[in-house]
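S.K.: Starting off with a structure, shown below.
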Amino acid sequence: MDKEYHFFLWTKKECPYCNKAVDCLSDEEIPFTVYEMDDKPEDLQRLKDKFNWKTVPMVISQCSDGTT
């Protein structure tokens, strides 16, 4: 069985890189979920700290076998 991936993106509305990431996944028909974080700066900061990442978009993939 081939592995299937689902992507999770944490974005901001006016971020051109966030919009490009969404467009690329859409164009390739790759399943994804977007979480817009404009009104959730504290939550976004917790995610940045957790993943040791400083910018948006934050993109995480999850494989059908549960691995990331």
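S.K.: Return the residue satisfying two criteria in turn: it lies in region 1-26 and is aromatic (Phe, Trp, Tyr) and part of a strand (DSSP E or B), and of such residues it is most open to solvent (accessible area, probe 1.4 Å).
M.R.: TYR5
S.K.: What are the residues in region 23-36 that are of a type outside the set (Ser, Thr, Tyr) and within 10 Å of LEU9 (Cβ to Cβ), if any?
M.R.: Passing the criteria: LEU25, PHE32, VAL34, GLU36.
S.K.: Another one. Considering only region 45-59, how many residues are surrounded by 14 or more Cβ atoms within 10 Å (Cβ to Cβ) and either outside any loop (DSSP other than H, G, I, E, B) or under 11 Å from the mean Cα position of the chain (by Cα) (or both)?
M.R.: Matching residues across region 45-59 total 6.
S.K.: With respect to GLN62, determine if the residue is open to solvent by 80 Å² or more (accessible area, probe 1.4 Å) and polar (S, T, N, Q).
M.R.: no
S.K.: Can you tell me which residue among GLU29, GLU42 is of a type in the set (Asp, Glu) and in a loop (DSSP other than H, G, I, E, B)?
M.R.: On inspection, the qualifying residue turns out to be GLU29.
S.K.: Any idea which of (1) touching an Asp or Glu at 6+ places or on another chain (Cβ under 7 Å); (2) modelled with pLDDT of 95 or more; (3) farther than 13 Å from PHE8 by Cβ is the one PRO41 doesn't satisfy?
M.R.: With respect to (1) touching an Asp or Glu at 6+ places or on another chain (Cβ under 7 Å); (2) modelled with pLDDT of 95 or more; (3) farther than 13 Å from PHE8 by Cβ, PRO41 is out only on (1).
The values are calculated or read from the model by the stated rules, or taken from the named source; none is laboratory data. Quick caveat, the model's predicted, so the values are computed rather than measured. Don't worry about glycine lacking a Cβ; one is built from the backbone with ideal geometry, like all the others, and counts go over all protein chains shown. Heads up: the accessible areas ignore ligands, DNA and RNA and are worked out on the full protein's heavy atoms, side chains in. Shrake-Rupley method; radii C 1.70, N 1.55, O 1.52, S 1.80 Å.
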